[in-house]
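Beneath this line is the structure, given in structure tokens, with notes to follow.
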Amino acid sequence: MEIKNLLIIATGLALTLWSCSSNDDFPVAKEPQMIKLSAPILINADSTVIQLADYLLKPTLIDSLELDKSLRSAISADSTQLVIKPVNRDFPKLSTLKIWSKGFAYSLLLEKSTKLKYRFTFDPKNKKYKRVQIKGQMNEWNPSAGYLFERDGKWHIDFQLFPGKYQYKLIIDGKEKSDPDNRDSVSNGNGGYNSLLTLGNLNQTNLPVLFTSAADGRKIVVGMKNRADSVFVFWQNYLLDQKFWKTDSSGITIELPRKAKEFERSFIRVWASNSTGISNEILVPLADGKVLTDANKLTRSDREAIVMYFLMVDRFSNGKPENDAPVADKEIDPKVNFMGGDLAGITRKIEDGYFTGLGINTLWLSPITQNPLIGYVEYPAPHRKFSGYHGYWPITLTTVDSRFGQAEELHKLVREAHSKNINVILDFVSHHAHQDYPAFKAHPEWMTQIDLPGKRKNIRLWDEQRLTTWFDVFLPTFDLTKPEVANMVSDSAAFWIKEYKLDGFRHDAAKHVPENYWRLLNQKLTEQVLVPENRNIFQIGETFGSRELIGSYINPGMLDAQFDFNLYWEAKSAFSMDNYSFRDLNYSLQQSFSYFGEHSLMGNITGNQDMSRFISYAAGALSPNEDASEAGWKRDIIVKDTIGYQKLAALEAFNMTIPGIPVIYYGDEQGMAGAGDPDNRRMMKFDSLNRFEQTLKTTTSKLAKLRNSNLALVYGDFTTLRVSEKVYVYMRSYFDNAVIVVFNKDKSPKKIEFELPDRYKDGNFAAQFGNKFLIENGKASVDLNGNSFEIISN
């Protein structure tokens, strides 16, 4: 890498007890170079490459850099990359990278990686094997990345892993089995068990714990449990210095910058660290320079307040029957043909207040680009024939499918949604197009290769050929490493945002698309929409994989968020299976905080179009160890046991009360059943709900409206108060406001007792769902029936 001459300053950082004098505000650029909040950047023990364009609009305008003296850096000649290398392994757990650009200083928080070198060893006990592999959470369940080498009669493989728990299986001469030398195992959620590796020290008892304590005028107090060696306070992407905050027995007292008055919405963020590790993150929203205390002032631009609803256009509502044009082919089963849902039907439901009544403020529409007019046989057995009713087989990238409506109907839908304070985001397919896409005929070199050595086909090799694999023989993958292809597809995506004033994208198959494309698309949206129109664009991706892989796509220069599938698998098991422990769910949630932050925008789903309906498992209609997709073809999947409605309500209560964005898959608000694809994509049912469905729908609406009206559920800190196999109690708190969520997954009623934090022991709490709740001598108790929950708020 060619190095650019640039002034780089080394500084030492330590915790100081500052005196808070009246602050003289630092200068803030009228056209800032950093316009999106940046999460901490992990710094590895060897070296870390930072793509500066992910964080700054114009990296070429960088004047100088300032780093802790324990870190060295080199910037590329074109200012696009910065390489940071620790002088030794003893560098701070938290430090900052200060970037000066056109006379203004911006800061990025740097976090020391906790990755450990680990050698996994398998002892064959003198047995002879030709090949040993490992697949698990440490390598994306990819056996091709898990070949062990043999040495001294044992098999080994080296990893670099974060402290944590990792599920895995061994593959010995082609046969998959549990590790015979490891007695620790965990349910895989599908009727079997995986071996479990626990790595590193997972005890977080002595970590600094921060919480929002008090807000008074232009000052806020962040409380702190356990000692901190360093504290970092940010307003937007500016590090606040000694003039703005101090630490004392009450915690961290922060004086708000006067410049914040000039911003309709800005944020204070706080982190701390000690020798044990790094604290949770504090996020405090400011409205015109004052702490936001009124939920009524939230708008659809407040991302943390999003409550999302995902609907499949063809399966939701038929508002214009003259559009109906199912494929005339007897080989296509009606359940995989067009059913008549369209844009006009969605608009009618917006106008009727369906989504507002449900508490929804963001709609995610399945793809609406033109799909083929005939059916195609899918590659995997049993080779059934499908239509493109789902929208994921585009033959154009910029036109509305005629069976869904016309361009003006999309314009109307978005206008009506915005008039009701509802965002609209579109599912866009950047990874592939249908073979009839005209550009493929003119430029066959724009596709990735389908033929692999050994006469293999590059189809659905999800891990082995992650960035090139085709989804089917008729769905070529774009070669987005070619600039002309990436520009064409990203221009098409940007067209939808600019032309229809959409509010963002759900991106299909994000991990199968190279990072250069996401950066290019984000750059275009920033330059063409975000900056000139001052309009937020929210981009959330779909990636099945480890949290590390999922998180690698999230930063200001690529995606804002992804769906937290790892947390969903745990939540699905915890709430649907009687023998699955809440301890595992709490651990999974803490892992998500560790990877994505306590105030991320990760999507917390009830389900989606690729998964069997949650209620089908919770109600006993599906078994975890059966082929769920085939089950939907062979029998009617119905709610066998009405306990499933209660279990689904608990899942929805969980999603609505944890950090992140709750996402309701259409029909889950009332408990629609369904096996795997396509049975999980039935036509939406609006009328003739039974009493269980209506009760669940009412509960879903109440949960969404509780979230919308309570800032603790939007910006609050998270604290686990009690967790056991059958009981889970946690709290979200935002200054004086606290919400306590209590789950009982036992079949029997329970009196659940738990300790309240001292600052809330005298609070005036009320149970939102009518269960008996008492506070006596600082200890709280709530009486809950089996498979139920309560939300208690002050």
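Heavy-atom accessible area for D736, with the other protein chains in place and a 1.4 Å probe, reaches approximately 120 Å². If the chain linking T398 and S275 were pulled fully straight, counting 0.36 nm for each residue of separation and taking away their Cα-Cα distance, it would gain 38.9 nm.
With both labels modelled 7 Å from their Cα along Cα-to-Cβ, the D758 to D783 distance reads 3.3 nm.
Centre-to-centre, using Cα atoms only, the stretch 207-247 and the stretch 563-587 are separated by 33 Å.
Here the chain exposes an accessible surface that is 48 percent carbon and sulfur, computed with a 1.4 Å probe and the other protein chains kept in place. Both radii are taken from the alpha-carbon atoms of the chain; with Rh as the Kirkwood radius, Rg/Rh is 0.95. Here the chain is treated with +1 on each Lys and Arg Cβ and -1 on each Asp and Glu Cβ, and its dipole about the Cα centre works out to around 1280 debye. Membrane-span-like helices in the chain (whole DSSP H runs, Cα extent of at least 20 Å along the helix axis, mean Kyte-Doolittle hydropathy of at least -1.0): 483-500, 582-596, 643-657.
Between A77, A493, P92, the Cα set farthest toward the positive side of the dipole of the chain (charges on each charged residue's Cβ, about the Cα centre) is that of P92. Our coupling estimate for the stretch 155-171, obtained by passing each phi through the Karplus curve with A = 6.51, B = -1.76, C = 1.60 and θ = phi - 60°, is 10, 9, 8, 9, 10, 10, 9, 6, x, x, 10, 10, 7, 7, 9, 9, 10 Hz, Gly and Pro reported as x.
In the context of the full set of protein chains, the stretch 563-689 has a per residue accessible area of 29 Å² (1.4 Å probe). Compute the Cα gyration tensor for the stretch 704-748, then decide on rounded, prolate or oblate, letting a ≥ b ≥ c be the square roots of its eigenvalues: rounded whenever a/c is under 1.5, prolate when a/b is larger than b/c in the other cases, and oblate in all that remain. Oblate shape, in that a/c is at least 1.5 and b/c is the bigger or equal ratio. Between S623 and K130, what FRET efficiency comes out of the Förster formula 1/(1 + (r/R0)^6) with R0 = 30 Å and r the beta carbon distance, rounded to 0.05? Working from the Cβ atoms, E equals 0.30. Its alpha carbons give the stretch 245-360 an Rg and a Dmax of 24.5, 76 Å.
Using the Kirkwood formula over every pair of different C-alpha atoms, what hydrodynamic radius in Å results for the stretch 626-666? About 12.5 Å for the stretch 626-666.
Per residue, the stretch 405-495 exposes an accessible area of 44 Å² to a 1.4 Å probe, with every protein chain left in place. When the chain is described by a simple charge dipole with +1 on each Lys and Arg Cβ and -1 on each Asp and Glu Cβ, the residue from Y715, G341, A439 located farthest towards its positive end is Y715.
Modelled this way, with points 7 Å down the Cα-to-C-beta line, the labels at S301 and D78 are 3.4 nm from one another. Distance from the C-alpha centroid of the stretch 42-94 to that of the stretch 638-707: 46 Å, rounded to the whole angstrom. Spatially, the stretch 122-148 and the stretch 269-291 are offset by 42 Å when compared through their Cα centroids. Extension gain for T356-D329 works out to 5.8 nm (0.36 nm per residue, less the C-alpha to C-alpha distance).
Distance between the modelled labels on D736 and S419, one decimal in nanometres: 3.9 nm (7 Å Cα→Cβ projection).
For the chain, the relative contact order is 9 percent, taking Cα pairs closer than 8 Å that sit 6 or more residues apart in sequence and dividing their mean separation by the residue count. Sorting 355-363, 419-427, 636-644 by average packing, meaning the other beta carbons within 10 Å per residue, from highest down gives 355-363, 419-427, 636-644. Using the Cβ-Cβ distance between S250 and S47 with R0 = 56 Å, the FRET efficiency computed as 1/(1 + (r/R0)^6) comes to roughly 0.85.
Segment E499..L467, full-extension length gain: 8.6 nm, with 0.36 nm per residue of separation and the alpha-carbon distance subtracted.
Counting only DSSP beta bridges whose two residues both lie in the stretch 409-508, roughly 50 percent are antiparallel.
Placing a label point 7 Å from the Cα of R691 along the Cα-to-Cβ line, the residues of the stretch 645-679 whose backbone N sits under 20 Å from it are 645-650, 670-672. Taking the DSSP bridge list for the chain and keeping only pairs wholly inside it, about 75 percent are antiparallel. For the stretch 119-264, the solvent-accessible area works out to 52 Å² per residue, with a probe of 1.4 Å and every protein chain left in place. If R0 is 35 Å, the Cβ-Cβ spacing of E31 and D294 corresponds to a FRET efficiency of close to 0.70.
The values are calculated or read from the model by the stated rules, or taken from the named source; none is laboratory data. Just so it is clear, the model here is predicted, and its values are computed rather than measured. For neighbour counting, all protein chains shown are included, and Cβ atoms are generated from backbone atoms with ideal geometry for every residue, glycine included. Calculation scope for accessible area: heavy atoms of the full protein, side chains included, ligands and nucleic acids excluded. Shrake-Rupley method; radii C 1.70, N 1.55, O 1.52, S 1.80 Å.
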